[in-house]
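> What follows is a single structure, and I will ask about it in a moment.
The values are calculated or read from the model by the stated rules, or taken from the named source; none is laboratory data. Just so we're clear, the structure is a prediction, and the values are computed from it rather than from any experiment. No Cβ is skipped: glycine too gets one built from the backbone with ideal geometry, and neighbour counts run over all protein chains shown. The accessibility values were calculated without ligands, DNA or RNA, using every heavy atom of the protein model including side chains. Shrake-Rupley method; radii C 1.70, N 1.55, O 1.52, S 1.80 Å.
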Amino acid sequence: MLVLLDGTRRRTGADNRRNYSGKHKAHGLLFLALTDEKGNLSWGGRRTRQ
């Protein structure tokens with residue numbers, strides 16, 4: 001079984017200090033997902049601060 005992990009950082013645009021990333025110099029959240037080899041979603045994680 002092959003599993004693929006993908007993470008995408010999405011900007012929120014809100015001036016919320018908790019979601020600010022100094023590395024990216026923007027406010028945003030990190031979305032994670034696991035898919036099988038056919039691209040079907042196996043697991044979608046909660047939004048996390050990065």
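> Residue by residue through the range 18-26, which ³J(HN,Hα) values in whole Hz follow from phi under the Karplus form 6.51 cos²θ - 1.76 cosθ + 1.60 (θ = phi - 60°), with glycine and proline marked x?
5, 9, 7, 10, x, 5, 8, 6, 7
> Here is a follow-up. Let me know the charge dipole size of the chain about its Cα centre in debye, to the nearest 20, where only the beta-carbon of Lys, Arg (+1) and Asp, Glu (-1) is charged.
440
> Among (1) 12.8, 44; (2) 14.6, 43; (3) 13.3, 42, only one was calculated for this model; which label is it, if the read-out is Rg and Dmax of the Cα atoms in Å?
(3)
> If you average the sequence gap of Cα pairs under 8 Å that are 6 or more apart and divide by the length of the chain, what percent do you get for the contact order? Can you show the working numbers first?
Working: 93 pairs, mean separation 19.0, N = 50.
The normalised contact order for the chain reaches 38 percent.
> Right, another one. For the range 2-11, in order, what is each residue's ³J(HN,Hα) by Karplus, 6.51 cos²θ - 1.76 cosθ + 1.60 with θ = phi - 60°, in whole Hz (x at glycine and Pro)?
Karplus values, whole Hz, x for Gly and Pro: 9, 10, 10, 10, 9, x, 10, 8, 10, 6.
> Rolling a 1.4 angstrom probe over the protein heavy atoms, how many square angstrom per residue are accessible across the chain?
Here the per-residue accessible area is 86 Å².
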